[in-house]
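Just below is one structure, and these are the notes that go with it.
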Amino acid sequence: MNFIKFLLVVVGLILAGMLAFPLIGFIYNALWWLFWLAVIGIGSYVGYKWLTKDSETKLLEDKTPFSIGGMDNVNKAFEDFKRKHLTK
């Protein structure tokens, strides 16, 4: 009877190992794909930022300068804004 129990335990361990190896392979494969997708994604993001770096600085430099001479209508514009949007 002990021999049969031992044999069943051995067969159970073999079957558990046969089930565990494909699961380990699937997990390894999923991690491998996630790694390469992350590498491609990070490379794409860095490349995009690197290639569009000059256009962003041009947009910042092309803004019209702010002058104190244009401040005379600020109070009137702010009062109009308050009247339209803040009082309901």
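Look through region 32-84, keep the residues that are β-branched (Val, Ile, Thr) and not in a helix (DSSP H, G or I), and return whichever of them is modelled with the highest pLDDT. Outline the logic, then answer.
Residues of region 32-84 that are β-branched (Val, Ile, Thr), as a first pass: 39-40, 42, 46, 52, 57, 64, 68, 74.
Going one step further and asking which of them are not in a helix (DSSP H, G or I), we end up with 52, 64.
On the way: 52: 80, 64: 60.
Checked region 32-84; the qualifying residue modelled with the highest pLDDT is 52.
Please enumerate the residues belonging to region 12-27 that are surrounded by 10 or more Cβ atoms within 10 Å (Cβ to Cβ) and of a type outside the set (A, V, I, L, M, F, W, C).
12, 25
The values are calculated or read from the model by the stated rules, or taken from the named source; none is laboratory data. In this text the structure is predicted, and so the values were computed from the model without any measurement. FYI the Cβ positions are ideal-geometry reconstructions off the backbone, even for glycines, and counts take in every protein chain you see.
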